[in-house]
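**Student:** Could you have a look at this structure, given as structure tokens, before my questions?
The values are calculated or read from the model by the stated rules, or taken from the named source; none is laboratory data. What you see is a predicted model, and the numbers here were worked out from it, not measured in a lab. Because the Cβ atoms are built from the backbone with ideal geometry, glycine has one as well, and the counts that use them run over all protein chains shown.
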Amino acid sequence: MSMKDYEFWFVVGSQFLYGPEVLETVAARAQEMTDKLNASGALPCKLVYKVTAKTNKEITDVVREANYDPHCAGIITWCHTFSPSKMWINGLASLQKPWCHFATQYNREIPNEEIDMDFMNLNQAAHGDREHGFIGARLRAPRKIIAGYWQDEDVQKRLGDWMRAAVGVAVSKDLKVMRFGDNMREVAVTEGDKVEVQIKLGWQVNTWPVGQLVDTMNAVTDAEIDELMEVYRANYDFATDDLETVRYQAREEIAMKKMMDAEGCKAFSNTFQDLYGMDQLPGLASQHLMAQGYGYGGEGDWKVAAMTTILKAMSEGQTGGTAFMEDYTYHLVKGNEYSLGAHMLEVCPSVAAERPRIEVHPLGIGDRQPPARLVFEGHEGDAIVVSLIDMGGRLRLICQDIHCVKPIMEMPNLPVARVMWQAEPSLTTGVECWITAGGAHHTVLSYDVTAEQMRDWARMMDIEFVHINKDTTVEGLEKELFLSDLAWKLK
Ligand code: MN
């Protein structure tokens, strides 16, 4: 399912106390708000007004329906009037979908002349939403709270951003990852408990033999390769005459895509240490699969592969780009400090500043033939890098704010795609924080997904979230990690 296939349900709280006229007004306004929010263009998914709930049963019924409807990616609640919250306990306690409490109000202004007790009884979100908030807190329910006027652009944008994070939850719970071979030997951070991850995040992480991939590659026809070569030509410049090498990448891409599509997988990992029967490490092949929304992780890193898929799904339709990334090397000139991100081959061209070039170069690592890959520079702009690590019995999501720049030198002999960035709070303090938290060398870099969205996602998935930003200090972070380690052990 893509972004537009998901919908969110608007559930408005009330009670019978106010009489039918008030309830009719509430329902009509809820429908009007839904229509206007849908027409605003700020929401990536459709909002559906479901019910003005007045009883325990109405709430339980709509939650049950939401839990079972695969198109419903979450509910958004709001209390136009006062809605006693004991009515909500049974429903919210059984809610299995993301929840946003939208603390808004139908009218923007308090009407000076018009205001009387009838007006007050109809427009009492200010205390209705507090009663509603209490029960969320009392249930320790993970919820997003957005307060503000519903017609304001910034408020609508926050609602839309949360919807994208909630779609990330739906995608996560349905995600299948195809591993070709195991993880790179001896590497620790790319390991993880696949059972725990499935329980917590829903991911189905399984392995398929490289031999089956080779068989599938051998069955790819010349006509299929011709067709994909046309797609490459339409999107990339050929900076090589070695078309056979490029065609081999096309063969690999078609075979990997066939195997993933047959299993319903949206992410994959492989390793240069297990390419038995393959002539090239997939480079261009993996890059072009990522451009189509498949997540990838190098060296068997299935966690980053899955996260790449999720961030790509969250940012569907946005244009900044999201890529598998690796911190490679630093520029440590005082006052002019940068991290250079790249990979052996596989950076997604969605982050490219210019039209990527297909080049063929030998690979310094491994024992295969020189692979074709896309080479480009990442574009300028604010972004985040995200890493999910397994702390033993639980997961930690680490997110850092970065600012990507046009690389400050040309690096004409670097044969891979590259992105250069400044990190918050500074490169070196950022590195100290990242290392303190245990963040991996592999990340997902996204210009589209925000730290707030990743925090929302982590809250909905019930995992720890660490945000390294302009205000982070090593001392403060150490304290935060120490306390959260205790808290997560108790949870
Ligand atoms: Mn790597």
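**Student:** Which one is surrounded by the fewest Cβ atoms within 10 Å (Cβ to Cβ) among residues in the range 416-441 that are assigned to a strand (DSSP E or B) and within 16 Å of the ligand (Cβ to nearest atom)? I'd like the intermediate steps shown before the answer.
**Tutor:** If we filter the range 416-441 for residues that are assigned to a strand (DSSP E or B), which is where we start, we get 418-423.
From the residues that got through so far, the ones that are within 16 Å of the ligand (Cβ to nearest atom) too are 418-419.
Values: R418: 18, V419: 28.
Looking at the filtered set, the residue picked out is R418.
**Student:** Still on this structure: Suppose the filter is crowded, with 16+ Cβ neighbours inside 10 Å, within 16 Å of the ligand (Cβ to nearest atom), farther than 21 Å from G439 by Cα and over 23 Å from the mean Cα position of the chain (by Cα); does R373 pass it?
**Tutor:** yes
**Student:** How many residues are on the phi > 0 side of the Ramachandran plot and either buried (at least 20 other Cβ atoms within 10 Å of the Cβ) or at pLDDT below 95 (or both) when one looks only at the range 239-266? Talk me through it step by step, then tell me what you get.
**Tutor:** Residues of the range 239-266 that are on the phi > 0 side of the Ramachandran plot, as a first pass: 264.
Remaining after also requiring either buried (at least 20 other Cβ atoms within 10 Å of the Cβ) or at pLDDT below 95 (or both): none.
Number satisfying all stated conditions: 0.
**Student:** Turning to a different aspect of this structure: Inside the range 428-457, can you point out the residues that are more than 25 Å from V187 (Cα to Cα), of a type in the set (A, V, I, L, M) and in contact with a strand residue (DSSP E or B) (Cβ under 6 Å, 6 or more places away or on another chain)?
**Tutor:** If the condition is that a residue be more than 25 Å from V187 (Cα to Cα), of a type in the set (A, V, I, L, M) and in contact with a strand residue (DSSP E or B) (Cβ under 6 Å, 6 or more places away or on another chain), then A451, M454 are the ones that fit.
For (1) outside any strand (DSSP E or B); (2) within 17 Å of K194 (Cα to Cα), each residue gets a yes or a no:
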residue: Q273; (1), (2): yes, no
residue: Y276; (1), (2): yes, no
residue: Q280; (1), (2): yes, no
residue: A285; (1), (2): yes, no
residue: H288; (1), (2): yes, no
residue: Y296; (1), (2): no, yes
residue: V304; (1), (2): yes, yes
residue: L311; (1), (2): yes, no
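**Student:** Follow-up. Could you tell me which numbered condition L37 fails, if it satisfies all but one of (1) surrounded by fewer than 16 Cβ atoms within 10 Å (Cβ to Cβ); (2) under 20 Å from D154 (Cβ atoms)?
**Tutor:** (1)
**Student:** Restricting to the range 107-155, what's the tally of residues that are at positive phi and among the small types (G, A, S)? Give the derivation first.
**Tutor:** Taking the range 107-155 and keeping what is at positive phi, we get 140, 148.
Now drop any that are not among the small types (G, A, S), which leaves 148.
Number of matching residues: 1.
**Student:** Could you pull out the residue among I389, I365 that is more than 24 Å from the chain's Cα centre (by Cα), β-branched (V, I, T) and assigned by TED's automatic domain parsing to the domain that holds L345?
**Tutor:** One residue alone meets the criteria, I365.
**Student:** Right, next: Limited to the range 280-323, what total is found for residues that are of a type outside the set (D, E) and within 16 Å of the ligand (Cβ to nearest atom)?
**Tutor:** Residues of the range 280-323 that are of a type outside the set (D, E), as a first pass: 280-298, 300, 302-315, 317-323.
From the residues that got through so far, the ones that are within 16 Å of the ligand (Cβ to nearest atom) too are 281-283, 286-287, 290, 295-298, 300, 302-308, 323.
Residues in the range 280-323 being of a type outside the set (D, E) and within 16 Å of the ligand (Cβ to nearest atom): 19 in total.
**Student:** Quick check: is even one residue across the range 240-255 in contact with a Ser or Thr (Cβ under 6 Å, 6 or more places away or on another chain) and under 18 Å from A306 (Cα atoms)?
**Tutor:** So the first thing to find is which residues in the range 240-255 are in contact with a Ser or Thr (Cβ under 6 Å, 6 or more places away or on another chain), and the list is 255.
Those still in the list that are under 18 Å from A306 (Cα atoms) too: none.
No: the range 240-255 contains no residue that is in contact with a Ser or Thr (Cβ under 6 Å, 6 or more places away or on another chain) and under 18 Å from A306 (Cα atoms).
**Student:** Okay, moving on. Considering the range 205-221 alone, what residues qualify as being of a type in the set (S, T, N, Q) and surrounded by fewer than 17 Cβ atoms within 10 Å (Cβ to Cβ)?
**Tutor:** Of everything in the range 205-221, those that are of a type in the set (S, T, N, Q) and surrounded by fewer than 17 Cβ atoms within 10 Å (Cβ to Cβ) turn out to be N206, T207, Q212, N218, T221.
**Student:** Assess whether L388 counts as being surrounded by fewer than 23 Cβ atoms within 10 Å (Cβ to Cβ), under 24 Å from N469 (Cβ atoms) and within 16 Å of the ligand (Cβ to nearest atom).
**Tutor:** It is false that L388 is surrounded by fewer than 23 Cβ atoms within 10 Å (Cβ to Cβ), under 24 Å from N469 (Cβ atoms) and within 16 Å of the ligand (Cβ to nearest atom).
**Student:** Next question. I need every pair where a residue in the range 1-16 that is under 10 Å from V167 (Cα atoms) has its Cβ under 7 Å from the Cβ of a residue that is among the acidic types (D, E), sequence separation at least 6 or different chains.
**Tutor:** Hits for this filter: S2/E316; M3/E316.
**Student:** For residues that are assigned to a strand (DSSP E or B), under 15 Å from P407 (Cβ atoms), within 15 Å of the ligand (Cβ to nearest atom) and under 22 Å from the mean Cα position of the chain (by Cα), tally how many sit in the range 324-361.
**Tutor:** Final tally of qualifying residues: 4.
**Student:** Looking only at residues in the range 442-483 that are in a strand (DSSP E or B) and within 14 Å of the chain's Cα centre (by Cα), which one is nearest to the ligand (Cβ to nearest atom)?
**Tutor:** So the residue we want is T443.
**Student:** Another question, then. Could you check the range 267-279 and list, in sequence order, the residues that are surrounded by fewer than 24 Cβ atoms within 10 Å (Cβ to Cβ) and either within 16 Å of the ligand (Cβ to nearest atom) or within 15 Å of the chain's Cα centre (by Cα) (or both)?
**Tutor:** Those that are surrounded by fewer than 24 Cβ atoms within 10 Å (Cβ to Cβ) and either within 16 Å of the ligand (Cβ to nearest atom) or within 15 Å of the chain's Cα centre (by Cα) (or both): T271, F272, Q273, D274, L275.
**Student:** A follow-up question, please. So, of the residues in the range 232-250 that are of a type outside the set (F, W, Y), over 22 Å from E377 (Cβ atoms) and part of a helix (DSSP H, G or I), which turns out to be nearest to the chain's Cα centre (by Cα)?
**Tutor:** A250
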